[in-house]
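> The structure is given below, and queries will be raised subsequently.
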Amino acid sequence: MQKIIIINGPNLNLLGKREPEVYGNASFEDYFNELKIAFPDVALSYFQSNHEGAIIDKIHEIGFDFDGIIINAGGLTHTSVALADALSSVPCKAVEVHISNIHARESFRHHSFLTNRCVGMICGLGLKGYELAVRHFVD
């Protein structure tokens with residue numbers, strides 16, 4: 001059974017409450033339950049933290065044993081060289097996901113330190129981007 005983890009960064013614990021016009025009304029926990037039902041043959045895990053170091057620690061913890069990382073680092077996407085280095089430090093492949101289209105937002109969001117450490121990026125498709133990332137690893 002494939003082991004895939006979704007790692008969400010800062011402020012994504014507020015999904016369903018935060019800027020619903022951008023991020024929608026669903027909590028991530030509710031959506032994650034839907035993903036587990038949609039992919040019964042995949043061992044899906046979920047981790048969220050508002051702290052950069054905790055996310056790095058999680059990547060180090062699972063990066064040698066899991067089959068895939070789906071990462072939405074939130075604002076750390078645009079600022080964290082350390083998070084990019086963590087992804088480079090483990091053999092586990094990663095897909096970068098963003099709920100909103102980061103290229104249609106403020107200019108500082110157009111650059112991602114993670115993109116060249118990931119096998120691909122999905123942005124602007126809402127929560128559906130996570131499903132597409134899981135499908136990438138399953139297919």
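> Within the stretch 16-28, is even one residue farther than 20 Å from Glu131 by Cα and acidic (Asp, Glu)?
yes
> I've got another one for you. Scan the stretch 71-92 for residues that are farther than 17 Å from Phe113 by Cβ and surrounded by 16 or more Cβ atoms within 10 Å (Cβ to Cβ) and report the count.
1
> On to the next question. When you scan the stretch 93-123, how many residues do you find that are farther than 23 Å from Ile56 by Cβ and either among the acidic types (Asp, Glu) or surrounded by 14 or more Cβ atoms within 10 Å (Cβ to Cβ) (or both)?
Total satisfying the criteria: 3.
> Moving on. Can you pull out the residues in the stretch 66-99 that are in a strand (DSSP E or B) and either under 18 Å from Ala54 (Cβ atoms) or free of Cβ contacts under 8 Å to residues at least 12 places away in the same chain (or both)?
Correct list: Ile69, Ile70, Ile71, Asn72, Ala94.
Quick note: the coordinates plus some simple rules give every number you see, no bench work behind them. Note that the structure is a prediction, hence the values are computed from the model and not measured. With ideal geometry, Cβ positions are generated from the backbone for all residues, glycine too; neighbour counts draw on all protein chains shown.
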